[in-house]
Amino acid sequence: MHLSPLTILLGALALTVIGYMLWLGYAVFTSPIPVLYNFKSVLVRWRATAATVLGVALVVTVYILMQAMAAGLVKSSQNTGDPRNVMIVRKGSTAESSSQVSREQLRVIQYWPEIERDAQGRPFVSADIAIIINLPRRDGAGEANVSMRGVTPMGMELRPQVKLVDGRWFTPGKREAAVSVKMAKRFANCDLGQKFKTGGEELTVVGWFDGSDSAFDSEMWMDADEARSVFDRENYSSVLARVGSTNAAALLMKRIDSDKRMPLRADLETDYYAKQTTTALPIKILGQFLATAMSIGAIFAAMNTMYASVGARTQERRRDSRGHRRIAGLRAGVVGTVFVCGVGRAVRHAEFQHVQRGDLSISRHAHARRAGNDLRRDRRNRR
């Protein structure tokens, strides 16, 4: 049987760890120095112990936060989109918020033969407008960015993963909004029947929806034409169209790419959102760099603390281990070290569980921040 070098290395590492744990268990039960001595020693010097645990926990916290942000971006984007849909945006735009599709272009697109139609002959097309707004948090801790999406009634049919869970959808032509359940829990005035002010107008919350852990969970929806009126936008941000097959999708994308009258580009909706995860790579690299740098610093700090502690306790160790072999003192020190590591592992696990519950929220903040940056850059270019 052929084994790869990596398998051999991991096997040797696993055997080393198992052997060490067996030796540690043997040391605990055979050492002439009482086991309670090790725990009492750690607790008596609680300040140094706490500093060591918190130092390691800080390194792990930074690494987990950065990796959780990247993982949240990937997770939310992977769950977003329908493979039957084609997303149409302006060429060169990096996000919907910085894209523009005119009403004239929409009128041309919706009559193309590649687009499916319902029983009444209406095209499965939704012209959307994506806007970043600021709303106060429910806990009163300032304001935060929120993605507001203006959609047509056909937009709900094109996004089957979005389900209405309470209330109703907004009525076209009225100042009404539907809010995702997760956003309603985080922002003020988002309960059913309440009103929040944005763009100089008040919007009434008439429904809550669930986005099935997709990017739509970070959005609020309203009528597209009302959104253009409230936020003074002449054009739409994107067009979402449903096609009958992969061949029809390829033909539609080729038609858009070859039509010189329309500086637009088209992607499958799933591919479009998958490409948004490219922003996760720099975050991962930054997290690994910070974790490596802080880990090296933490190692030297821990070594300095250890040597200082050993030097300060030389006489005490000699007195306490008098009459015992040197290996007994070594075993006692190792048991105390493992106890401190166990405490640090518990702190790290608690941090991970807390961040894991909020990683999607972190990704939503990243999506909103990126969209806001794109919008500001687009405004500067127009000037």
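The values are calculated or read from the model by the stated rules, or taken from the named source; none is laboratory data. Keep in mind the model is a prediction, meaning the values are calculated, not measured. Please note: Cβ atoms are built from the backbone with ideal geometry, for glycine as well, and neighbour counts cover all protein chains shown.
Where residues in the stretch 119-145 are of a type outside the set (A, V, I, L, M, F, W, C) and under 15 Å from Leu240 (Cβ atoms), which of them is surrounded by the fewest Cβ atoms within 10 Å (Cβ to Cβ)?
Here is the first cut: in the stretch 119-145, the residues of a type outside the set (A, V, I, L, M, F, W, C) are 120-123, 126, 128, 134, 136-140, 142-143, 145.
Filter once more, keeping what is under 15 Å from Leu240 (Cβ atoms): 122-123, 126, 128.
Values: Arg122: 11, Pro123: 16, Ser126: 25, Asp128: 23.
In this case the residue turns out to be Arg122.
Going by what's in this entry, would Asp213 be described as closer than 26 Å to Lys163 by Cβ, assigned to a helix (DSSP H, G or I) and either modelled with pLDDT of 90 or more or not β-branched (Val, Ile, Thr) (or both)? Spell out how you get there, then give the answer.
On the way: closer than 26 Å to Lys163 by Cβ: yes; assigned to a helix (DSSP H, G or I): no; either modelled with pLDDT of 90 or more or not β-branched (Val, Ile, Thr) (or both): yes.
It is false that Asp213 is closer than 26 Å to Lys163 by Cβ, assigned to a helix (DSSP H, G or I) and either modelled with pLDDT of 90 or more or not β-branched (Val, Ile, Thr) (or both).
Mind checking which residues of the stretch 42-57 are of a type outside the set (Gly, Ala, Ser) and exposed (fewer than 14 other Cβ atoms within 10 Å of the Cβ)? Lay out the reasoning, then the answer.
Going through the stretch 42-57, the residues of a type outside the set (Gly, Ala, Ser) turn out to be 42-47, 49, 52-54, 56.
Result: Leu43, Val44, Trp46, Arg47, Leu54.
Looking at the stretch 225-259, which of its residues are of a type in the set (D, E, K, R) and closer than 17 Å to Gly150 by Cβ?
Taking the stretch 225-259 and keeping what is of a type in the set (D, E, K, R), we get 225-226, 228, 232-234, 242, 254-255, 257, 259.
Within the stretch 225-259, Asp225, Glu226, Arg228, Asp232, Arg233, Glu234 meet the criteria.
Could you tell me whether any residue of the stretch 130-148 is within 25 Å of Met262 (Cα to Cα), β-branched (Val, Ile, Thr) and more than 21 Å from the chain's Cα centre (by Cα)? Give the derivation first.
Of all residues in the stretch 130-148, those within 25 Å of Met262 (Cα to Cα) come to 130-131.
Retained after the next criterion (residues that are β-branched (Val, Ile, Thr)): 131.
Filter once more, keeping what is more than 21 Å from the chain's Cα centre (by Cα): none.
No: the stretch 130-148 contains no residue that is within 25 Å of Met262 (Cα to Cα), β-branched (Val, Ile, Thr) and more than 21 Å from the chain's Cα centre (by Cα).
Just for the stretch 216-246: of the residues that are among the hydroxyl-bearing types (Ser, Thr, Tyr) and part of a loop (DSSP other than H, G, I, E, B), which one is farthest from the chain's Cα centre (by Cα)? Walk me through it before giving the result.
Kept after step one, since they are among the hydroxyl-bearing types (Ser, Thr, Tyr), are these residues of the stretch 216-246: 218, 229, 236-238, 245-246.
Keeping just the survivors that are part of a loop (DSSP other than H, G, I, E, B) gives 237, 245.
Details: Ser237: 24, Ser245: 32 Å.
By that ranking, first place goes to Ser245.
Is one or more of the residues making up the stretch 97-113 within 22 Å of the chain's Cα centre (by Cα), of a type outside the set (Lys, Arg), in the same structural domain as Gly193 (by TED's automatic domain parsing) and surrounded by 13 or more Cβ atoms within 10 Å (Cβ to Cβ)? Give the derivation first.
Of the stretch 97-113, the ones within 22 Å of the chain's Cα centre (by Cα) are 97-98.
Now drop any that are not of a type outside the set (Lys, Arg), which leaves 97-98.
Checking which are in the same structural domain as Gly193 (by TED's automatic domain parsing) leaves us with 97-98.
Pick out the ones that are also surrounded by 13 or more Cβ atoms within 10 Å (Cβ to Cβ) and you get 97-98.
Among the residues of the stretch 97-113, at least one is within 22 Å of the chain's Cα centre (by Cα), of a type outside the set (Lys, Arg), in the same structural domain as Gly193 (by TED's automatic domain parsing) and surrounded by 13 or more Cβ atoms within 10 Å (Cβ to Cβ), which makes the answer yes.
Ala250 - would you say it is part of a helix (DSSP H, G or I) and assigned by TED's automatic domain parsing to the domain that holds Ser126? Break it down stepwise before answering.
Details: part of a helix (DSSP H, G or I): yes; assigned by TED's automatic domain parsing to the domain that holds Ser126: yes.
The answer is yes for Ala250.
Scan the stretch 166-214 residue by residue and report those that are over 19 Å from Met154 (Cβ atoms) and small (Gly, Ala, Ser).
Quick first cut of the stretch 166-214, residues over 19 Å from Met154 (Cβ atoms) only: 166-167, 175, 179-205, 208, 210, 212-213.
Listed by number, the residues that qualify are Gly167, Ser180, Ala184, Ala188, Gly193, Gly199, Gly200, Ser212.
So which of Gly140, Gly155, Gly193, Gly150 is in a strand (DSSP E or B) and in the same structural domain as Ala95 (by TED's automatic domain parsing)?
Working: Gly140 fails: in a strand (DSSP E or B); Gly155 fails: in a strand (DSSP E or B); Gly193 fails: in a strand (DSSP E or B).
So the residue among Gly140, Gly155, Gly193, Gly150 that is in a strand (DSSP E or B) and in the same structural domain as Ala95 (by TED's automatic domain parsing) is Gly150.
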